[in-house]
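The values are calculated or read from the model by the stated rules, or taken from the named source; none is laboratory data. Given the structure is predicted, the values throughout are model-derived calculations rather than measurements. Positions of Cβ are backbone-derived with ideal geometry, glycine not excepted, and every protein chain shown enters the neighbour counts. Just so you know, the surface numbers come from the protein's heavy atoms only, side chains and all, with ligands and any DNA or RNA stripped out. Shrake-Rupley method; radii C 1.70, N 1.55, O 1.52, S 1.80 Å.
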Amino acid sequence: MKRGSNSGGKTAMMAELKNKEHYRKILCLLIPLGGVAFLLWYIKNSTCDVVYSDYIRLVNSYLPDVYDPRRFFVPDVLTRIPINYLERIINVELFGFSITFDRVLGAVSLGLAAWAFGVYFIRRRLGTVWFLLTMAVMFSLNKWEMITNGSGWSHFFAFACFYYHELVFDRVWAGEEKRGDTLQLILLPFLIILGTAGPYCAIYAVVMILSAAAGILRARIRKEGSSSRRYLVFLFASLIPLLLYILSNSFAVEEHAGATGRSLGALLADAPSFPVRFILKSLAGMVIGGEELIQWIEKGQMTDNICYLLGLFVAAGYLWALWLYLRHRLYERTLFPLMLLTGGALNHVLIFLSRYIFEKENYALSSRYALQFQVGILGIILTFALVSKAKEKVYPAGRAFMALFCIAILLGNGYTTYREIKKAPYREERFEQMEQLAPLMPFLSDEEMMEMEPAAPDLYEYRKGTDQIRNAFRILEENGLNVFRKPAS
């Protein structure tokens, strides 16, 4: 009787554990849907369906004939993100060139990225609390500028592709390979870099090349010749499309309004601390949204030095996560967190190298870079989660720092999201003003546009010529697109 009782107890315990695991899997897959629903709510309450900003250029460049092959077969086509051509055809034909459609695609794409993390959490059996923290970062409104500007939808989609590719690589690294993974690791870089990544491909490709190099090194240490050759194939699968992108990019003509024109050497000679200050601010913006920090600094509610300290705090999070990853040999089980840490850190360097030309350190706090910078924060959280799950021995001070870091990220991103929700009605009012004035744009003179309050270039966030604004809305008006499309009868 006693043995039967023990057996029944174990069976019940196993059943309970399976039920808990089942519900955790459901949560990890459903929570991203909640995040997408939240973003859709935010888009609905903060925007209107009207062309502005980058869309002025896009209308002038590609409309009305979205099928024109001459607009696609150009030397710098890869920099223009080829998947946008297909999406633009669908948008024009089915939705009359709707900006809202693009924004919805962005929200769904961010949901796909969150889903990729859900799959990783399920596979590694990490705690639900850690997943909720990850989702709080993923769906934070610190990315409000890219969320509201629908032209950035493909960037959200690109990061979802990055995470998926890295997860497939992580499976192979961990010896949990599934059928077809090898083929995916060969084809994915070509599809992602040549199809959807655009300027974001550089860091992604470098991370994948470094990961493949790590695989080659490990295989040679273990004297696994076949494995070494396979990782070499993975390395070239990322390197070749990257070189093709670089070649295409060499034909691109870039315009940087506001650039000083000085070289990096000249800047460093005058202000050698500028790179450090810029990067520290870019790190600080991942705790509290950059727009909030800029306002606090301008109003005297925060000094630059406090902002730098906040950046140092995030830098300490990077270093502590890296130390834990190496100290506890997590690389024997998974490479994904290190890929995220590397990608996040390199993104901070890349943004500096591409934006130092403006010589304004507050550029580092722009909302448009949060999507890139959050990669590293996700890597830090994953590392902490893995160490906690394994119950690895960590000094009390180290555990306290982990807790403090996670609380700071949660509260900071929560505050940023709260503030953006509060600002949503005001953002919507501005879009409504754009929508109301749009029918007048094709007929206004330069003088009339500049006499508006605010002036047309400021209202529509496009400062490369009033003639460009006028021509874009004329194209839309002549073809019944966007604000000029006829309502469905």
Next item on the list: Obtain the nm distance between the two label points defined at residue 221 and residue 485 by a simple spin-label model: each point lies 7 Å from its Cα along the Cα-to-C-beta direction.
Entry: 5.5 nm
Notebook entry, point to check: When only the heavy atoms of the protein chains count and the probe is 1.4 Å, how do 299, 486, 423, 25 rank by accessible area, highest first?
Noted result: 486, 299, 25, 423
Next item on the list: Using only the Cα atoms of the stretch 399-454, build the gyration tensor, take square roots of its eigenvalues as a ≥ b ≥ c, and label the shape rounded, prolate or oblate: rounded if a/c is under 1.5, else prolate if a/b is larger than b/c, else oblate.
Entry: prolate
Note to self: Report the gain in length on full extension from residue 41 to residue 268: 0.36 nm times residue separation, minus Cα-Cα distance, nm rounded to one decimal.
What the structure shows: 77.2 nm
Notebook entry, point to check: Å³ per residue of the Cα convex hull, for the stretch 207-259?
Noted result: 75 Å³
Item checked: Mean separation of Cα contacts under 8 Å, 6 or more apart, over the residue count of the chain: relative contact order % -> 23 percent
Next item on the list: Please compute P(r) over all alpha-carbon pairs of the stretch 316-436, binned at 10 Å starting from zero, and give each bin as a whole-number percent.
Entry: 11, 33, 29, 18, 7, 2, 0
Item checked: With DNA, RNA and ligands ignored, accessible area of residue 447 (1.4 Å probe; Å², nearest 10) -> 120 Å²
Check: For the stretch 306-320, in order, what is each residue's ³J(HN,Hα) by Karplus, 6.51 cos²θ - 1.76 cosθ + 1.60 with θ = phi - 60°, in whole Hz (x at glycine and Pro)?
Finding: 5, 5, 4, 4, 4, x, 5, 4, 5, 4, 5, x, 4, 5, 5
Item checked: Per-peptide average of other Cβ atoms within 10 Å, ordering 174-183, 84-93 highest first -> 84-93, 174-183
Checklist line | the stretch 188-236: projected area of the alpha-carbon convex hull, averaged over directions, in nm² | finding: 3.1 nm²
Next item on the list: Name the aspartates and glutamates eligible as straight-distance cross-link partners of residue 464: C-alpha to C-alpha under 12 Å, and not fewer than 8 places from it in the same chain.
Entry: 54, 255
Check: What's the FRET efficiency of residue 448 with residue 309 using the Cβ-Cβ distance as r and R₀ = 45 Å, to the nearest 0.05?
Finding: 0.40
Item checked: Length-normalised contact order of the stretch 88-168 in % [C-alpha pairs under 8 Å, at least 6 apart] -> 48 percent
Checklist line | √(5λ) per eigenvalue of the Cα gyration tensor, the stretch 146-295, largest first, Å | finding: 35, 19, 18
Next item on the list: Could you state the accessible area per residue of the stretch 278-400 in Å², with a 1.4 Å probe and every protein chain left in place?
Entry: 40 Å²
Checklist line | Distance in nm between pseudo-label sites at residue 403 and residue 73 (7 Å out along the Cβ direction from Cα) | finding: 6.5 nm
Next item on the list: Would you kindly find the accessible area of residue 399, with a 1.4 Å probe and non-protein molecules such as ligands, DNA and RNA excluded, rounding to the nearest 10 Å²?
Entry: 100 Å²
Notebook entry, point to check: Which whole-number percent gives the relative contact order of the stretch 304-450, counting Cα pairs below 8 Å spaced six or more residues apart?
Noted result: 26 percent
Checklist line | Cα gyration tensor, the stretch 444-489 - rounded (a/c under 1.5), prolate or oblate | finding: prolate
Note to self: With only alpha-carbon pairs counted, each pair once and no self-pairs, how large is the Kirkwood hydrodynamic radius of the chain in angstroms?
What the structure shows: 24.5 Å
Item checked: Compactness of the stretch 365-487 - radius of gyration and Dmax, Cα, Å -> 23.7, 70
Notebook entry, point to check: Which number comes out as Rg/Rh for the stretch 66-132 once both Rg and the Kirkwood Rh are worked out on C-alpha atoms?
Noted result: 1.20
Next item on the list: Just check the stretch 345-411 against the gyration tensor rule for me: Cα atoms, a ≥ b ≥ c as the square roots of the eigenvalues, rounded for a/c under 1.5, and otherwise prolate or oblate depending on whether a/b exceeds b/c.
Entry: prolate
Checklist line | Value of Rg to Rh for the stretch 278-359 (Rh from inverse mean 1/r over Cα pairs, i.e. Kirkwood) | finding: 1.07
Check: In the stretch 390-489, with Lys and Arg counted as +1 and Asp and Glu as -1 at Cβ, which of these residues, 395, 457, 425, has the Cα nearest the positive end of the dipole, that is, farthest along it?
Finding: 395
Next item on the list: Give me the angle, in degrees from 0 to 90, between the Cα long axis of helix 128-138 and the longest principal axis of the Cα atoms of the chain, rounded to the nearest 10.
Entry: 20 degrees
Next item on the list: Please give, to one decimal in nm, the separation of the simple spin-label points placed at residue 421 and residue 236, each 7 Å out from Cα toward the Cβ.
Entry: 5.3 nm
Check: Rounded to the nearest 10 Å², what accessible area does residue 388 show when all protein chains are kept and the probe is 1.4 Å?
Finding: 40 Å²
Notebook entry, point to check: Which order, highest average first, do 47-53, 351-357, 373-379 follow once you tally other Cβ atoms within 10 Å for each residue and take the mean per peptide?
Noted result: 373-379, 47-53, 351-357
Note to self: Probe radius 1.4 Å, ligands and nucleic acids ignored: give me the carbon and sulfur share of the accessible area of the chain as a rounded percent.
What the structure shows: 63 percent
Check: Helix 466-479: angle to the longest alpha-carbon principal axis of the chain, degrees 0 to 90, nearest 10?
Finding: 90 degrees
